[in-house]
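In what follows, a single structure is set out as structure tokens and then discussed.
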Amino acid sequence: MNKAIELFGRHIYHLTPNKPLRVRKELSFVYNASGLMCKYFPSKKLLPSRQFMQWAAADSAIRPLKDGNGSAIVSLYTPCEILHAMGIKLMFPEALACYLAAAGSERIFIETAENNGLPKTMCSYHKSFIGMVESGVLPKPDFIINTTLACDANHLSFRRAAEYYHVPQFIIDVPSAHSPSNTEYVARQLRDAVHFIETNSTFRLDPKKLEDSVNRSKRTLQNFRDVIPVRASRSISDEMTSQILTLFATHVMLGTENAEKYSSDFLAELRQCEECKKGVRLLWVHTLPYWQDALRDLINFTDRCEIVACDMSLDAMHVNLEETDPYRFMAERLLKNTANGPCENRISAVCELAEKLDADGVIWYCHWGCKQTAGASAQAKEFLEKKGFPTLILDGDGCDSNNVNDGQTITRTEAFLELLENKK
């Protein structure tokens with residue numbers, strides 16, 4: 001890790017217990033400065049769309065850290081078009097934890113959560129989030145909205161945060177199967193969510209703004225669908241962070257102008273790239289430890305290998321974009337999410353993506369504390385390899401730098417790349 005980042009991380013570690021408000025200001029300043037650097041002095045190795053999204057994602061994720069007024073805490077899968085239409089600022093654990101890890105500052109918050117009773121086996125993203133809450137660093141939101149989709153940690157962390165802040169919480173229950181009755185059930189909850197927000201805040205929903213936000217979502221998702229066949233025949237200079245940026249764009253930022261701009265610009269730039277394939281093409285499953293230097297050095301900006309996509313970024317590829325009712329559209333997006341229901345849904349979707357993207361192999365990343373991904377890993381490996389896609393099950397942590405083994409990670413990834421290279 002960069003020495004400056006290590007020093008900053010130690011500084012935050014020692015400062016947090018006694019001066020949480022100062023830590024909040026310093027983190028806000030550093031993240032804002034980093035975002036501006038990305039905006040005005042971007043990496044020339046990246047496509048312009050990736051450069052833009054580095055700033056846009058940082059701006060979206062960090063803005064509420066400066067001032068919690070008019071903000072909400074949401075889960076990754078919450079349909080946020082409603083909140084975007086109302087002008088509500090959003091905080092979500094995965095983004096907060098990602099930026100903490102990038103700044104080498106997650107340790108004190110994970111320890112705070114564990115010292116306050118959270119189990120060590122819990123997802124480190126959510127431990128970082130609860131640590132920020134209970135250390136006094138994360139500002140109080142107006143309310144909390146989360147879904148039951150996919151993530152078990154949601155059920156504990158969001159309820160705990162709501163109790164700590166004494167703010168209202170709204171939970172969107174997502175059944176495990178898609179059906180007309182379940183679609184209407186979830187759509188009704190989303191309409192109730194509007195009433196919940198208007199009851200517990202001064203925000204009011206303009207139906208025209210919601211329609212505009214949902215239409216931006218549809219165009220964004222269509223752009224990423226169109227990316228798939230183009231990406232199948234092209235290689236680009238890229239880094240692991242780009243997959244996280246796309247994940248933000250297709251989830252909490254979905255429905256914003258910045259997410260749509262990113263998707264359309266990326267598609268246009270990709271189409272202008274020469275048709276060629278360089279090195280090993282990897283499909284990544286689940287979150288990425290993009291801050292892990294050893295893995296970055298192996299994967300980022302190299303002709304040897306590239307990550308062609310992360311499956312979580314394309315988990316809504318089966319939703320009906322022709323649905324005209326905004327609430328039914330958002331409901332269907334939850335029910336048809338590839339992470340919803342039995343693990344076979346996600347495994348089949350990963351296989352479909354691997355075929356469409358012409359991937360050489362799959363890295364199935366078992367992030368610490370994510371029982372769903374780890375639990376399905378053996379079954380996924382067997383299925384994918386029968387379909388012709390060698391699969392590496394890689395254990396690690398997408399957030400906690402103290403919970404990774406660089407040596408083992410690199411040894412296993414190197415061996416996997418060599419296997420795929422020998423097959424080409």
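The values are calculated or read from the model by the stated rules, or taken from the named source; none is laboratory data. Please read all numbers here as calculations on a predicted model, not as lab measurements. Cβ atoms come from the backbone with ideal geometry, glycine included; neighbour counts cover every protein chain shown. Accessible surface areas use protein heavy atoms only, side chains included; no ligands, DNA or RNA. Shrake-Rupley method; radii C 1.70, N 1.55, O 1.52, S 1.80 Å.
Please list, ordered by chain and number, the residues whose modelled amide H lies under 5 Å from the amide H of GLY70; skip anything fewer than 5 residues away on the same chain.
Counting only residues 5 or more places away or on other chains, the set is ASP142.
Filter the trypsin sites (Lys or Arg not before Pro) in region 194-243 down to the DSSP loop ones having no more than 15 other Cβ atoms within 10 Å, then list what survives. It would help to have the intermediate numbers written out before the result.
Numbers: sites: ARG204, LYS208, LYS209, ARG216, LYS218, ARG219, ARG225, ARG231, ARG234; in loops: ARG204.
Those that pass, being in a loop and sparsely packed, are ARG204.
Indicate the gyration tensor shape class of the chain (rounded, prolate or oblate), computed on the Cα atoms with a ≥ b ≥ c the square roots of the eigenvalues: a/c under 1.5 is rounded; otherwise a/b larger than b/c is prolate and the rest oblate. Please report the intermediate quantities before stating the final value.
Details: a/c = 1.44, a/b = 1.14, b/c = 1.27.
Note, shape of the chain comes out rounded.
At most 14 other Cβ atoms within 10 Å and a DSSP loop assignment: could you name the trypsin sites (Lys or Arg not before Pro) in region 1-80 that fit? Provide the component values of the computation, followed by the final result.
Details: sites: LYS3, ARG10, ARG22, ARG24, LYS25, LYS39, LYS44, LYS45, ARG50, LYS66; in loops: LYS44, LYS45.
Listed in order of number, the matching sites are LYS44, LYS45.
Quote the charge dipole size of the chain about the Cα centre in Debye, to the nearest 20; the model charges only the Cβ of Lys and Arg (+1) and of Asp and Glu (-1).
On the way: 49 positive and 53 negative charges, 142 e Å.
The dipole magnitude comes to about 680 debye.
Quickly estimate the mean residue ellipticity at 222 nm for the chain, helices only: each DSSP H run with n ≥ 4 gives -39500 (n - 2.57), and the total goes over all residues, rounded to 500. Write out the running numbers ahead of the final one.
Working: 17 runs with 239 residues, N = 424.
Roughly -18000 deg cm²/dmol at 222 nm, from the helical runs in the chain.
Which percent of the accessible area of the chain is formed by carbon and sulfur heavy atoms (probe 1.4 angstrom)? Could you put the intermediate results ahead of the total?
Values: 8620 of 16840 Å².
With neighbouring chains kept in place, the figure for the chain is 51 percent.
Kindly state, as a whole number, the per residue volume in cubic angstrom of the convex hull around the alpha carbon atoms of region 317-424. Provide the component values of the computation, followed by the final result.
Working: hull volume 12.8 nm³, N = 108.
In region 317-424, the Cα hull volume divided by residue count equals 118 Å³.
Mean-square fluctuation check for the chain, GNM, Cα pairs under 10 Å: which of GLN272, GLN189, GLN243 is largest?
Judging by the Gaussian network model, the answer is GLN272.
Just want the answer: with Cβ charges of +1 for Lys and Arg and -1 for Asp and Glu, which residue in MET53, VAL404, ILE244 is farthest toward the dipole's positive end in the chain?
Looking along the dipole axis, the top candidate is MET53.
Please go through region 261-353 and write out the chymotrypsin sites (Phe, Trp or Tyr not before Pro) that DSSP classes as loop and that have at most 14 other C-beta atoms within 10 Å.
Values: sites: TYR262, PHE266, TRP284, TYR290, TRP291, PHE301, TYR327, PHE329; in loops: TYR290, TRP291, PHE301.
Here the chymotrypsin sites (Phe, Trp or Tyr not before Pro) that fit, given the DSSP loop and packing criteria, are PHE301.
Report relative contact order for the chain in percent, whole number only (criteria: Cα-Cα under 8 Å, sequence separation at least 6). Intermediate results must be reported in sequence, preceding the final value.
Details: 716 pairs, mean separation 74.5, N = 424.
The value is 18 percent.
Pairs LYS25/LYS127; LYS278/LYS387; LYS25/LYS89; LYS261/LYS336; LYS45/LYS336: which are spaced more than 28 Å apart, C-alpha to C-alpha?
Details: LYS25/LYS127 21 Å; LYS278/LYS387 23 Å; LYS25/LYS89 17 Å; LYS261/LYS336 25 Å; LYS45/LYS336 35 Å.
Among LYS25/LYS127; LYS278/LYS387; LYS25/LYS89; LYS261/LYS336; LYS45/LYS336, the Cα-Cα distance tops 28 Å for LYS45/LYS336.
Which one of THR121, THR183, THR147 has the biggest mean-square fluctuation once the chain is modelled by GNM with Cα springs under 10 Å?
THR121
What is the sum of charges, Lys and Arg at +1 and Asp and Glu at -1, for the other residues whose Cβ falls under 12 Å from the Cβ of ASN345? Intermediate results must be reported in sequence, preceding the final value.
On the way: positive: LYS336, ARG346; negative: ASP311, ASP315, GLU344, GLU352.
Neighbourhood net charge equals -2.
Which of these, ALA33, ALA349, ALA374, has the largest mean-square fluctuation under a Gaussian network model of the chain (Cα springs below 10 Å)?
ALA33
Considering only protein heavy atoms, what per residue accessible area in square angstrom results for the chain with a 1.4 angstrom probe?
Working: 16840 Å² over 424 residues.
Result: 40 Å² of accessible area for each residue.
How large is ³J(HN,Hα), in whole Hz, for each residue of region 114-126 in order, when computed from phi with the Karplus curve 6.51 cos²θ - 1.76 cosθ + 1.60 and θ = phi - 60°, using x for Gly and Pro?
5, 5, 8, x, 6, x, 5, 7, 6, 3, 5, 4, 6
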